[in-house]
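The values are calculated or read from the model by the stated rules, or taken from the named source; none is laboratory data. For clarity, every value in this text was computed on a predicted model and none was experimentally measured. Positions of Cβ are backbone-derived with ideal geometry, glycine not excepted, and every protein chain shown enters the neighbour counts. Side chains included, ligands, DNA and RNA excluded: accessible areas come from the protein's heavy atoms. Shrake-Rupley method; radii C 1.70, N 1.55, O 1.52, S 1.80 Å.
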Amino acid sequence: VMVLGVVIHTLGDDHSVLFAHFFSEQSKELKTKRREEIEISRSVCDEYAFRKKCAEAFQSFPPLAPPSYLSSAVPPPSLNSEAFAALSSTSVQRGANPSGTGVLNPASLGESETGLFNLILPSSKEDMVVVWRQVDTISVSLVIYPDENEVLAFNFVSLFIKVLQEHFKVSNFSTNSKLITEKPEEVLVLLQNYLPNGQLLLISSSFAKFLKKEADYVLMSK
């Protein structure tokens, strides 16, 4: 087993768990499962809230203007003409504002956040890695063992969000998160199809189409 479990939850103060599934035998025990899904969702929400506060703090600072000599045609004494031209070109490429104001924008929280951190859970008794991705007001959080492939984990959470959106025919989960709680058996079928027995797969676009057909067939036969 490469993955300990998957938790889908809201990102509000209540960090409500919408769906959770664990692959290890210890985590399948009801009390342990409940404790761990709450701990995972709370930890992800704490990190997301911290990032949001940092972004808001950055936005409260006045914009950072580029050095005055970059807007001047005359290079400073310490630079020759060629070096000045190269520095000006690099500054425009890396720090130019799309609005054309010549002011650097502060950092801000993106529409879709991803994250990764270590977390010790009762069933593992060692540092596990939580990989999460936010979409709208929910997060898909994956718990993997520390020596597993984090790139595959990030790819999975991104793919699974798209799978859920396509399956439930929604583009925004802010007002449709109840679909996940109302149909957990369908979410589980999708999860077992794209993450069989907790095994992370290298999924190409063609393989993803094949997996979708397989999942649709299983769901139709139920």
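Where the centre of each part is set by its Cα atoms, how far does the range 1-63 sit from the range 146-222, in angstrom?
Rounded to whole Å, the Cα centres lie 18 Å apart.
If you roll a 1.4 Å probe over the heavy atoms of the protein chains, what accessible area per residue do you get for the range 108-222, in Å²?
Heavy-atom SASA per residue in the range 108-222 reads 53 Å².
Lys212: which lysines have alpha carbons under 29 Å from its alpha carbon, excluding same-chain residues fewer than 8 sequence positions away?
Straight-distance partners of Lys212: Lys28, Lys33, Lys162, Lys169, Lys178, Lys183, Lys222.
What ³J(HN,Hα) values, in whole Hz, does the Karplus curve 6.51 cos²θ - 1.76 cosθ + 1.60 give for the range 125-134 when θ = phi - 60°, with x put for Gly and Pro?
Ordered by residue, 3J(HN,Hα) equals 6, 8, 5, 9, 10, 9, 10, 9, 9, 9 Hz.
Which of Thr137, Ala153, Gln192 sits farthest toward the positive end of the charge dipole of the range 136-195, with +1 on the Cβ of Lys and Arg and -1 on the Cβ of Asp and Glu?
Working it through, the farthest residue towards the positive pole turns out to be Thr137.
Collect residues whose amide H, placed 1.01 Å from N in the peptide plane, falls under 5 Å from the amide H of Met128; neighbours closer than 5 in sequence don't count.
Leu119, Ile120, Leu121
Determine the order of Lys31, Lys212 by accessible area, beginning with the largest, at a probe radius of 1.4 Å.
In descending accessible area the options line up as Lys31, Lys212.
Per-residue HN-Hα couplings for the range 180-197, Karplus 6.51 cos²θ - 1.76 cosθ + 1.60 at θ = phi - 60°, whole Hz, x for Gly and Pro?
With coefficients 6.51, -1.76 and 1.60, one gets 6, 6, 7, 10, x, 5, 6, 4, 5, 4, 4, 5, 5, 7, 8, 9, x, 6 Hz.
Could you pull out every residue, at least 5 positions away or on a different chain, whose amide H is within less than 5 Å of the one on Met2? Hs are placed 1.01 Å off N in the peptide plane, and Pro or chain starts have none.
Counting only residues 5 or more places away or on other chains, the set is Gln199, Leu200.
If r is the Cβ-Cβ distance from Lys212 to Glu25 and R0 is 35 Å, what FRET efficiency results, to the nearest 0.05? Kindly include the intermediate steps, with their values, before the conclusion.
Working: r = 30 Å, r/R0 = 0.85.
Computed FRET efficiency for Lys212 and Glu25: 0.70.
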